[in-house]
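The values are calculated or read from the model by the stated rules, or taken from the named source; none is laboratory data. Note that this is a predicted model, so its numbers are computed, not measured. Please note: Cβ atoms are built from the backbone with ideal geometry, for glycine as well, and neighbour counts cover all protein chains shown. Ligands, DNA and RNA are excluded from the accessible area calculation, which covers all protein heavy atoms including side chains. Shrake-Rupley method; radii C 1.70, N 1.55, O 1.52, S 1.80 Å.
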Amino acid sequence: MIVPCIRCLNPSQQPVDLHLRDEFHSKIEVTTGAPLPKPDDEDPFFIDDNHLVDIEELLREYALLALPMQTFCKPDCKGLCPNCGADLNAGECDCQLDEGDDRFDVLKRLLG
Ligand SMILES: [Zn+2]
Ligand SMILES: [Zn+2]
């Protein structure tokens, strides 16, 4: 599945491990054509009137659940320059940014 990297917005290929297990309900009794009672499921999937199963919606739901919350194109993605928007993976830009990291500031203060 291709999703944008949250740092640089480049497309990143994410492995999605899907374990599909869901029930498809028939709306009618196949042999008699009599309507069947609604299933107890909260959001049931139905077999359509042509007796076809549309798994597109099912796949989409599962894929969204299976995707990691943070998607990077690579673990050490440098992301985009917050100033000029250049893709820092492609090389440094010309901005002179003081990349102050709060955590290091605290350390520096502690060390006096
Ligand atoms: Zn990236
Ligand atoms: Zn820049």
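Conditions (1) among the small types (Gly, Ala, Ser); (2) open to solvent by 60 Å² or more (accessible area, probe 1.4 Å); (3) more than 30 Å from Pro15 (Cα to Cα); (4) in a strand (DSSP E or B), marked per residue:
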| site | (1), (2), (3), (4) |
| --- | --- |
| His25 | no, no, no, yes |
| Thr31 | no, yes, yes, no |
| Glu42 | no, yes, no, no |
| Ala63 | yes, no, no, no |
| Thr71 | no, no, no, no |
- Message: Quick test of your reading of the structure: Asp17 fulfils all but one of (1) open to solvent by 100 Å² or more (accessible area, probe 1.4 Å); (2) under 30 Å from Ala90 (Cβ atoms); (3) touching a residue at least 12 places away in the same chain (Cβ under 8 Å). Name the failing condition by number.
- Response: (2)
- Residue list for the stretch 85-98, restricted to those being within 11 Å of ligand 2 (Cβ to nearest atom) and closer than 19 Å to Ile6 by Cβ: Gly85, Ala86, Asp87, Leu88
- Task: Report yes if Leu58 is more than 16 Å from ligand 2 (Cβ to nearest atom), modelled with pLDDT of 75 or more, loosely packed, with under 10 Cβ neighbours inside 10 Å and not aromatic (Phe, Trp, Tyr), otherwise no.
- Result: no
